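Structure, as structure tokens:
The values are calculated or read from the model by the stated rules, or taken from the named source; none is laboratory data. Please read these numbers as outputs of a predicted model, since none were measured by experiment. Positions of Cβ are generated from backbone atoms using ideal geometry, with glycine treated the same way; all protein chains shown enter the neighbour counts. All accessible areas refer to the heavy atoms of the entire protein, side chains included, with ligands and DNA or RNA removed. Shrake-Rupley method; radii C 1.70, N 1.55, O 1.52, S 1.80 Å.
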Amino acid sequence: MGNDKSDRLASGGRRAAVRLVYAIILFTFLDLFAQLPVMSTYAASLGAGAAIAGFTVGLYSLTNMFGNMVSGFFTDRFGAARMLKIGLLAASLALLSYSLVSNVAGLLAVRFAHGFLSGLIVPAAFTYMANQTRLEKQGSQSAVTGAFVGMAAIIGPAYSGIMASRTSVPVVLATIAALGVILLVLSLRMLKPQQAAGASGSRSAKGGKLRLSAGLIQAYAGSFFLMFSQGALAYLLPLHVESLGYTSRMSGMLMSTFGLVAVIIFLLPTNRLFDRVNPVINLAAGLGLMGISQILLGQSAEMVPLSLVMVLYGIGFALLFPAINTLLVHATAEDNRGQAYGYFYALFSIGVVAGSSGLALLPVSVKTQFVVTGVVLLLCVLSVIWIKYREEARKEAAEPHP
């Protein structure tokens, strides 16, 4: 009887810890998305020119990339729970430090630190979740995690836009810091060093030094091109909508449309499909739908077709995000997964920059840039299929024949 009661308590503690990590993921992406509508105008209010204001926005992603990689290394070395606590403390302090800014130089320094320190959280959080989940449930768990990212993408910009108009940008970021402090206090009480849960065979042949495998290459390619597409969308869609005579509000509504579709798919029983369908198939289908959507967006000139295309884009996003997380988990073990996630989320940051800044360098029309983006994504789909074919052929050749 005593053992049953202790087992129930331990199980309840694990469930509470998992819910807390979901909340930490929501906080981390709220931190990211809340900055988007207000940071360039905040920099301008301090005296920054257009170029410096743009650099101020991008500096966060640049240093976030290095924070992700450092976090991945130390997550494997010291454990995900410890890195989550360090990351929450560091990110909360960085958010509060905006209240000390009085000029552009001070803002650049804070942005540099904020990007790096916030980057400590995400690889640790996703590693923690993966290590708490059985291998055959990684797809549906990644879908639920994706829903929290999607909710942050919907809530963050709206919250900061409204609050900043009534108060100030430092106040908005201080309220997000307060959430981080609350989560830190809860983490100190509830997050314990993880025990091997048998989720993915922590001491398998995949353990030890991180090595590139077909699954890891596919996960990394999906990570980069997912955010390449997002960066392209963030850059091109407002320009396209404005050229059609609509206001920026319409751009926001279209972006929210794809986010809502993805969150619905993540949370409904449809998320069980991510456990049953091969993640490579979901990756190819998701990236393919996103590529087709990019091409169609450039050809659409009215709100109804644009909205329908964004629904299609949301379906693609919903297929792709759990697939790349599942591929990464299947290709790693508990003692090298943090490092794998560090590189994974560093590629997120690089993808955003390539998708926005890279396309801006092309001397072609916005419609053509949509086509270029779509073609790049579709070429990636072909590469993923080719890698899968080669891997299957290699395994078949290695099997002994009678």
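Extent of segment 15-98 along each principal axis, from alpha carbon coordinates, in Å, largest to smallest?
Sorted from largest, the Cα extents of segment 15-98 read 46, 25, 17 Å.
With no solvent and one point per C-alpha, what does the Debye sum give as log10 I(q)/I(0) for segment 219-283 at q = 0.19, 0.20, 0.22, 0.27 Å⁻¹?
-0.88, -0.92, -0.99, -1.13
Quick check: the distance between the Cα centres of segment 103-162 and segment 237-283, to the nearest angstrom?
Spelled out, the Cα-based centre of one part sits 18 Å from the other.
Which helices of the chain meet both criteria: a Cα extent of 27 Å or more along the helical axis and a mean Kyte-Doolittle score no lower than 0.0, with helices taken as whole DSSP H segments?
Counting only whole DSSP H runs, the qualifying helices are 2-35, 50-78, 138-166, 169-190, 214-243, 248-267, 279-299, 303-330, 366-398.
As an exercise, identify the GluC sites (Glu not before Pro) in segment 288-393 lying in DSSP coil whose Cβ has no more than 12 other Cβ atoms within 10 Å.
Passing both the DSSP loop test and the Cβ count: 302.
Quick one: dipole size for the chain, taken about the Cα centre, charges +1 on Lys/Arg Cβ and -1 on Asp/Glu Cβ, in debye to the nearest 20.
Values: 27 positive and 14 negative charges, 187 e Å.
The dipole magnitude comes to about 900 debye.
Give the dimensionless ratio obtained when the Cα radius of gyration of the chain is divided by 2.2 N^0.38 Å.
Working: Rg = 21.3 Å, N = 402, 2.2 N^0.38 = 21.5 Å.
In units of the globular-protein estimate, the chain measures up at 0.99.
Per the 1.4 Å probe, what fraction of the accessible area of the chain, in percent, lies on carbon and sulfur atoms?
Numbers: 12370 of 18190 Å².
Carbon and sulfur: 68 percent of the exposed surface of the chain.
Mind listing P(r) for segment 1-150? All alpha-carbon pairs, 10 Å bins, whole percents.
11, 34, 29, 16, 7, 2, 1
Using a Gaussian network model on the chain with a 10 Å cutoff between Cα atoms, which of 247, 332, 56 fluctuates the most?
247
Where only protein heavy atoms count, and the probe is 1.4 Å, what is the accessible area per residue for the chain in Å²?
Result: 45 Å² of accessible area for each residue.
To the nearest 500 deg cm²/dmol, what mean residue ellipticity at 222 nm is calculated for the chain from DSSP H runs of n ≥ 4 alone, each contributing -39,500 (n - 2.57), summed and divided by the residues?
About -27500 deg cm²/dmol.
Bins of 10 Å, beginning at zero and ending with the bin holding the largest distance: percent of Cα pairs per bin for segment 225-375, please.
Final binned percentages: 11, 38, 34, 14, 3, 0.
Does segment 297-368 come out rounded, prolate or oblate by the C-alpha gyration tensor, with a ≥ b ≥ c the root eigenvalues, rounded set by a/c under 1.5 and, if not, prolate when a/b is larger than b/c and oblate if not?
In terms of gyration-tensor shape, oblate.
Which of the chymotrypsin sites (Phe, Trp or Tyr not before Pro) across segment 332-381 are loop residues per DSSP, with 12 or fewer other Cβ within 10 Å? Mind showing how you got there, number by number?
Numbers: sites: 341, 343, 344, 345, 348, 370; in loops: none.
When the chymotrypsin sites (Phe, Trp or Tyr not before Pro) of segment 332-381 are filtered for loop state and at most 12 Cβ neighbours within 10 Å, nothing remains.
Compute the convex hull volume of the Cα atoms of segment 248-303, divide it by the residue count, and report the result per residue in Å³ as a whole number.
82 Å³
Take every Cα-Cα pair in segment 63-221 and report what % of them are more than 23 Å apart.
46 percent
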